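See structure below.
The values are calculated or read from the model by the stated rules, or taken from the named source; none is laboratory data. Everything numeric here is computed off the predicted structure, so don't read it as measured data. Counting neighbours? That spans all protein chains shown, and the Cβs are built from the backbone with ideal geometry, glycine included. The accessibility values were calculated without ligands, DNA or RNA, using every heavy atom of the protein model including side chains. Shrake-Rupley method; radii C 1.70, N 1.55, O 1.52, S 1.80 Å.
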Amino acid sequence: MVHLSEDNLQARASYLRTLLTDAIGDFSGNRYLAVGTGTGKNIATLSEGYREKHTVDVVKRDPPEVADQFAIGDGTLLPYQDDTFDLITAISVIEHVLPPERRPNLVREMARCTAPGGHIMFQIPNHRFVIELHSGLPFIQWLPWENEIAALLGYDNVGDIHIPSPGRLR
């Protein structure tokens, strides 16, 4: 498993905020939802300017300090009313939604919960990047039976991950 330094995590979060600002302009609003909490760095950086900050994750954990509310769930059935959030993000989440046939449910739920005029941001790991960031193994994502090979090498935590290639996203 690859562990990024605090500086790298913050730099990544700042870069994501820059990408989002470039895409939608200066953003702020009433409610923000992060589907997947990760380390909390992305949430802290992307939720700046929002009055309420909510998070959803499949793992019961202490919510990031910046979160006002935390719920358990995988994002395919969000426990919120329609048109609730001004911004919803899913940073390195969709590859964890298995089987892949359930991924449209995540997209539909995020769209359902987004307020009119609101925005949704997905970030998906790059299938073409040399290092598979969940395991830290080079080229593993290009091999047939990547999860089985990773498990044989002692990386049993990658079995619940399926990074979609560009063709698989279509």
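Report yes if some residue within the range 4-21 is assigned to a loop (DSSP other than H, G, I, E, B) and either touching a residue at least 40 places away in the same chain (Cβ under 8 Å) or within 27 Å of Ile131 (Cβ to Cβ) (or both); otherwise report no. Scanning the range 4-21, I find at least one residue that is assigned to a loop (DSSP other than H, G, I, E, B) and either touching a residue at least 40 places away in the same chain (Cβ under 8 Å) or within 27 Å of Ile131 (Cβ to Cβ) (or both), so the answer is yes.
Restricting the first member to the range 33-46 and to residues that are free of Cβ contacts under 8 Å to residues at least 60 places away in the same chain, and the second to residues that are part of a helix (DSSP H, G or I) and β-branched (Val, Ile, Thr), the beta-carbon pairs closer than 9 Å and six or more apart or on different chains are Ala34/Ile43; Thr37/Ile43.
If you go through the range 1-52 and keep only what is aliphatic (A, V, I, L, M), touching a strand residue (DSSP E or B) at 6+ places or on another chain (Cβ under 8 Å) and modelled with pLDDT under 85, you end up with just Val2.
Of the residues that make up the range 64-79, is at least one among the polar types (S, T, N, Q), touching a helix residue (DSSP H, G or I) at 6+ places or on another chain (Cβ under 8 Å) and either without any contact (Cβ under 8 Å) to a residue 60 or more places away in the chain or assigned to a helix (DSSP H, G or I) (or both)? Yes, the range 64-79 contains a residue that is among the polar types (S, T, N, Q), touching a helix residue (DSSP H, G or I) at 6+ places or on another chain (Cβ under 8 Å) and either without any contact (Cβ under 8 Å) to a residue 60 or more places away in the chain or assigned to a helix (DSSP H, G or I) (or both).
Count of the range 73-115 residues, restricted to those that are open to solvent by 60 Å² or more (accessible area, probe 1.4 Å) and closer than 12 Å to Val35 by Cβ, is 4.
Residues in the range 2-22 that are exposed (fewer than 11 other Cβ atoms within 10 Å of the Cβ) and either charged (D, E, K, R) or more than 18 Å from the chain's Cα centre (by Cα) (or both): Ser5, Glu6, Asp7, Asp22.
The rows are residues; the columns are (1) within 22 Å of Ser14 (Cβ to Cβ); (2) out of contact with any strand residue (DSSP E or B) (no Cβ under 6 Å at 6 or more places or on another chain); (3) modelled with pLDDT of 90 or more.
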| position | (1), (2), (3) |
| --- | --- |
| Ile88 | yes, no, yes |
| Asn105 | no, yes, yes |
| Cys113 | no, no, yes |
| Met121 | yes, no, yes |
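Filtering the range 22-53 to residues that are part of a strand (DSSP E or B) and not β-branched (Val, Ile, Thr) leaves Gly29, Asn30, Arg31, Tyr32, Leu33, Ala34, Tyr50, Arg51, Glu52, Lys53.
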